[in-house]
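S.K.: Take a look at the following structure, please.
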Amino acid sequence: MRQIPTLIIAFFFVVSNVVSTFAVDPCEMKTKLSEGTVYTEKDNYPLDNGFNCELWYKGKNGKVTVYDDADCAFKAEWNESGDFIARVGYFWGKEEENTPSYKDLDGDIHAEYSYTKTGSSYDYSLIGVYGWSKDPLVEFYICDDSYNRMTDPWNTTKIGSAVIDGATYNIYKGTMMNMPSVMKDTDNFTQVFSIRQGGTRKCGHISVSEHFRAWEKLGIKTGPLYDCKIAIETGGDKGTIDYHYATMWIGDENGPFIPEERAPFKDTIAIPGIVEVEDYDKGGYNVAYYDSDRKNDGAVYRNDGVDIVETSDGYAVGYTKKGEWLEYTINVDDDDEYTVEASMANGNSAPKIDLIFDGQDTCSLTGKSVRNDWDTYTLAEGKVTLTEGTHTMRLVFNNDYTNIDFVKFKSTNTTHEIESSVPEFELVYDNNTIRVVSLNDVKQVRLIGMTGLPISDVEGDVLNVENVRAGVYVVVAVTSNGEYYKKVSIAK
C-alpha cells in the first residue's frame, strides 16, 4: 500500500505569527472582539453564520452582544436580571418535525471556548454548555466554571461520574415541577448536570456528545434536540461574561464533517487495480458509507465518521462493526473474470466481508485471524465476473473488528501494472494570503466556517484572508483528484 502524507484536519495556522502545530488551543485564543449585534428582548435570534442566539431573563433586564462573523462568540451582561440565560450555538426548534437526537447527527457535537468575566451572581451560576431535548423533555448542563461555587446543583441527586476531556465530571439528576420550559410556559421535566471537578477553567474543549453518552449509561435518555449552545446562566446580581472565542461543530475533535455531494473521492477507481479502502466515495453518512457510531476513532486522513487508522505503510479502515459498509465508484476496463485479494486483519475471529456490485451480491471473502493481533494483515482470495463500464461497489463488513487495508482486482487473462500516489498538502502564509503548496493541479481554494457554511472561494491556489475576521476555519483545496481539508485558526 502506498505511503500517504498526513492530511489530518487538526492543522493549526496562526496568520499573524506564522506558527503551525497540530492542535488548536482555545486557551491561546485571546484576541478581544468589539463589533456585534446587541439583543435585549427575550427571544430566539437566527444568526447569519447558521448558529442561533437565545436570551431569557426573569427580572428587570439583560443584554447579549453577538460578535460579527465569529461563530458563537458573544458578551452577556446582567443587572438584577433574576434568573438570566444567554446562549449561542445550535438550534433545531420547537415545532419542527424530525429534529435529530444527538445520535442522529453526522458526527459528535463539540464546543471550544475562551472567556473573561467580571461581577458576581446571586446564589448560583453555570458556565459551559446548555440545552434541551424535547421528548423526553430534559434540560441539560455541562458546567466548567461558576461565579460562586461548583457544588451540588439545587434539587438534584448525584447519580455517578465520568471522565471526559481529561477531567472528572460529577453527574446530577433532578426533577422540576411546574417550572418554565422551552416547550410550555410551565412544565414538568428532568434536569441533568455534568459538573467539572478538580478546578474550574475559563478555556477549553468540551466533547458534548460524550456527556450525552455518559448520562445515558446512568439511565438518563434524551430525545430530539431543541438546542445545544455555549451558555451562561446566573441567579442575578450584576456582571458580564465575554466569550471572545467560542465555536461549535458537528464532526470529530479535529473539525466539522463537511457535507459533500456523492462523487468519487479521487478519480474513478479502475479495475484491474487496487481499491484503497480509505478512498470510499464522497457523500457522507448513509450515502457513501454507514458507520454505526458516527465517531472517527482513527481521526486521520479524512474528516467524517469512518474509522481510518494508520498502518506501517499508509492507512486502513478499522474499529468496524458488523453491518457497516463503504461504497466506491469504479470503472471496469473489460468484460472479464477477476481475481480478488483483500488484505485484512482481525484479532478476534476470521475477517469477513462481502463485495456487492450495483446492489447484487457478487463476492464473499473470509480471511485468517491471528489471535489478539490487528497489525498482521493476510490476503483473502476470491473471484468475480464483471462487465465493462462504471459500477458502484459496496464493501460490507460481516463481523466486528475487521481491519481492511485494500482490495486488489487482477484480470485472469491480462497483466496490469498498478501504481498510485497522493501529493503532499501544506499551507504557507505570505502577505495576508494562504497559499496551497506541494499539491499539484489545485483548481480552487475555499474557506469554510465551523458550521460548514462557505466564507470565500477563489480559483487557483492562493486564498486572500486580509478581510477575514479572526476565528477557526477549514481550508478546502480542490484538485482533479479530489478535495483535501485542513483546519486553520486565523488570529489578527
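The values are calculated or read from the model by the stated rules, or taken from the named source; none is laboratory data. Only a predicted model underlies this, so the values are computations on that prediction, with no experimental measurement involved. Every residue, glycine as well, gets a Cβ built from its backbone with ideal geometry; the counts of neighbours run over all protein chains shown. We work out accessible area using only protein heavy atoms, side chains counted, and drop any ligands, DNA or RNA first. Shrake-Rupley method; radii C 1.70, N 1.55, O 1.52, S 1.80 Å.
S.K.: How much accessible surface does Thr175 have with a 1.4 Å probe, in Å² rounded to 10?
M.R.: We get 80 Å² for Thr175.
S.K.: Divide by every residue of the chain the summed helix terms, -39500 (n - 2.57) for each DSSP H run of at least 4, and state the resulting mean residue ellipticity at 222 nm, rounded to the nearest 500 deg cm²/dmol.
M.R.: -500 deg cm²/dmol
S.K.: Which aspartates and glutamates, if any, have their Cα less than 12 Å from the Cα of Lys117, not counting same-chain residues under 8 positions apart?
M.R.: The qualifying aspartates and glutamates are Glu77, Asp145, Asp242.
S.K.: Taking the Cα centre of the chain as the origin and placing charges on Cβ (Lys, Arg +1; Asp, Glu -1), which of Val88, Thr378, Asn178 is farthest toward the positive end of the dipole?
M.R.: Looking along the dipole axis, the top candidate is Asn178.
S.K.: Let me ask another. What distance in nm lies between label points placed 7 Å from Cα along the C-beta direction at Asp123 and Lys42?
M.R.: 1.5
S.K.: Something else now. Any idea what Rg and Dmax come out to for segment 222-377 if you just take the C-alpha atoms, in Å?
M.R.: 20.9, 79
S.K.: Roughly what angle does helix 208-217 make with the longest principal axis of the chain, taking Cα atoms, 0 to 90 degrees, to the nearest 10?
M.R.: 90
S.K.: While we're on this one: Report, to the nearest whole %, how much of the accessible area of segment 76-213 belongs to carbon and sulfur atoms, 1.4 Å probe, protein only.
M.R.: Looking at segment 76-213 in its full context, I get 46 percent from C and S.
S.K.: On to the next question. Just the number please: accessible area per residue for the chain, 1.4 Å probe, all protein chains included, in Å².
M.R.: On a per-residue basis, the chain sits at 43 Å².
S.K.: Which value, in Å² and to the nearest 10, is the accessible area of Lys30 when all protein chains are kept and the probe is 1.4 Å?
M.R.: 130
S.K.: Next up: Order the following by accessible area, largest value first: Thr390, Thr31. Probe radius 1.4 Å; ligands, DNA and RNA are ignored.
M.R.: Solvent-accessible surface, decreasing: Thr390, Thr31.
S.K.: Take the chain, compute every pairwise Cα distance, and split them into 10 Å bins from 0; I just need the percent in each bin.
M.R.: 4, 18, 26, 23, 17, 9, 3, 1, 0
S.K.: List the lysines whose Cα sits under 19 Å from the Cα of Lys383, skipping any in the same chain fewer than 8 residues away.
M.R.: Straight-line reach from Lys383, under 19 Å: Lys352, Lys368, Lys408, Lys410.
S.K.: In what order, largest first, do Trp154, Trp249 sit by accessible area if the probe radius is 1.4 Å? Present the calculation step by step, with values, prior to reporting the outcome.
M.R.: On the way: Trp154 180, Trp249 0 Å².
Per-residue accessible area, sorted high to low, gives Trp154, Trp249.
S.K.: Can you run phi through the Karplus equation (6.51, -1.76, 1.60; θ = phi - 60°) for segment 66-78 and list ³J(HN,Hα) in whole Hz, with x for Gly and Pro?
M.R.: Listing the rounded values in order: 9, 5, 5, 6, 9, 6, 9, 5, 7, 10, 10, 9, 9 Hz.
S.K.: Shifting gears a bit: Keeping all protein chains in place and using 1.4 angstrom, which order do Glu54, Glu28, Glu216 fall into by accessible surface area, from largest down?
M.R.: Final ranking, largest accessible area leading: Glu28, Glu216, Glu54.
S.K.: A further question on this structure: Checking the table Lys75/Lys486; Lys63/Lys103; Lys60/Lys158; Lys94/Lys322 against a 31 Å threshold on Cα-Cα, which pairs fail?
M.R.: Lys63/Lys103; Lys60/Lys158; Lys94/Lys322
S.K.: Still on this structure: With every protein chain left in place and a probe of 1.4 Å, what is the accessible surface of Ile330, to the nearest 10 Å²?
M.R.: Probe radius 1.4 Å; accessible area of Ile330 about 0 Å².
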